[in-house]
1. Examine segment 312-330 for a residue that is touching a residue at least 60 places away in the same chain (Cβ under 8 Å), in contact with a Ser or Thr (Cβ under 8 Å, 6 or more places away or on another chain) and at negative phi, and state whether such a residue exists.
2. Quickly run through segment 155-198 and pick out the residues that are out of contact with any Phe, Trp or Tyr (no Cβ under 7 Å at 6 or more places or on another chain), outside any loop (DSSP other than H, G, I, E, B) and under 12 Å from VAL132 (Cα atoms).
3. Of all the residues that make up segment 306-356, how many are in contact with an Asp or Glu (Cβ under 6 Å, 6 or more places away or on another chain) and in a strand (DSSP E or B)?
4. Exactly one condition in (1) out of contact with any Pro (no Cβ under 7 Å at 6 or more places or on another chain); (2) at pLDDT below 95 is false for PHE358; which is it?
5. Tell me, which residue of segment 34-71 that is among the basic types (Lys, Arg) and at pLDDT 85 or above is surrounded by the most Cβ atoms within 10 Å (Cβ to Cβ)?
6. Would you mind stating whether THR232 is β-branched (Val, Ile, Thr), modelled with pLDDT of 95 or more and part of a loop (DSSP other than H, G, I, E, B)?
7. Hey, could you check segment 259-305 for residues that are in a strand (DSSP E or B) and of a type in the set (Ser, Thr, Tyr) and say which is surrounded by the fewest Cβ atoms within 10 Å (Cβ to Cβ)?
8. Only one of these is of a type in the set (Gly, Ala, Ser) and within 30 Å of GLN89 (Cβ to Cβ): ALA373, ALA309, ALA338. Name it.
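The values are calculated or read from the model by the stated rules, or taken from the named source; none is laboratory data. What you are looking at is a predicted structure, and each value in this text was computed from that prediction instead of being measured. Virtual Cβ from ideal backbone geometry, glycine too; neighbours counted across all protein chains shown.
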Amino acid sequence: MKHWKKVVVTGFGLLAVVLAGCSSYKDNTIAPAPLKIFKPKVAVLEHWQAQVGEGSGTAAKAVLSFGDEGYWQYQAAENWHLNVTQAGQSLYAVDYNGLVKSFNLAGQTNWHVNLKQLLTASPVAGPEYVYVVTAEGTVFALNKKTGQIQWQKPLGSLVIAAPAAAKGVVVIHTKPGAVIALRAVDGRQLWRYDLLLNPSMTMERSSVPVIAGQQVVIGSDNGQVVALDRQTGDLLWQYQVAVPSGASEVAQIVDVDVTPVVKDGTVYVSSVKNRTIAVSLQSGRMLWKHKVGSFSGLAVSQNKVIVTANNGALWALDRQTGKAVWVDSNLLGRGPTAPAIVGHYVVVGDYKGFVHWFSLKTGQLVGRMSVGARAIVGQPVVDGSIVYVMDASGRLVAVRGSKVEEL
């Protein structure tokens, strides 16, 4: 008989699922891949760096398992949720103690305010306000120019995913599984939709909602991607990305915790249960599926879907068919972030503070830079040719990759 327990990593980090008392269960632990020596084709240079309080926390080991095929573990950041966000000519970032800071694109501080409350989710910027949600579910709206609090709204539930803000609404996904829409100007609740959840065990992560036209698209802990009406909260469609299987509790984990990507009328999303799919935004009809899972995230280019797989491999899937184009294993076990696409390149960070550049066309590793010894905590943020990354210590770094000229 298998025995399981849940362990919450200190510092309000990832919910680690730990196998206990079963020596016969197959150990697929992945040792972090050593850094490959290569001749760079892209020179990655730092433009500037700034500090955002105490950041997200320290480094920790996360453990995860799928089915009865065994369990594996990897290195990751203790808190993955406190990333930087950009809006126009400003950047916004927070630390877990409640500090909120605004920077210009040269790294100079515009303003800062301390909410003195635990923060476990990244901020998001709307047309007028920056929205920050505390761990206990209080939403703060701050003036984008001054940082002054405009309104606050207590929701009374744990929130670990960044909100979404567009078209006059702010949408929050609580960990118990509620999707709540507030009016952006004053915080008045517009609607609430309760996802029908009954998972025996989940990751301590939540999908970030995406506002796409008249729809709000979101992943759930029961393995679904759901589309709601932006104005009313009514269910428009839902699709079961993955289903529980296997005898153990951990084998029942099917979370869709990644941020859905919506492009040209198609929704791209991954479940931790080894499934990435494309579905129609209009109808929820599945267009294709591929057997690769992710809890880190994905990015979409004109013709490819780039997925950071659970084991750290990078997959490029054909955007039209879902078939694999290339797979790179340089970052196995290194807890890479969700990918970002910068021109002809794919950029990811890892658990040791390295930022890696890959060819979008071939998957070849072409550039690398260390921004510090701490884990990169979220998907790199792209502004033209500049890439912004944050590490677990609160270091915010702007970097740029330039093609190395052949001599």
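1. Checking segment 312-330: not a single residue is touching a residue at least 60 places away in the same chain (Cβ under 8 Å), in contact with a Ser or Thr (Cβ under 8 Å, 6 or more places away or on another chain) and at negative phi.
2. ALA164, VAL171, ILE172
3. Adding up the residues that qualify gives 2.
4. Here PHE358 meets the rest and fails (2).
5. Within segment 34-71, the match that is surrounded by the most Cβ atoms within 10 Å (Cβ to Cβ) is LYS41.
6. Yes.
7. SER280
8. ALA338
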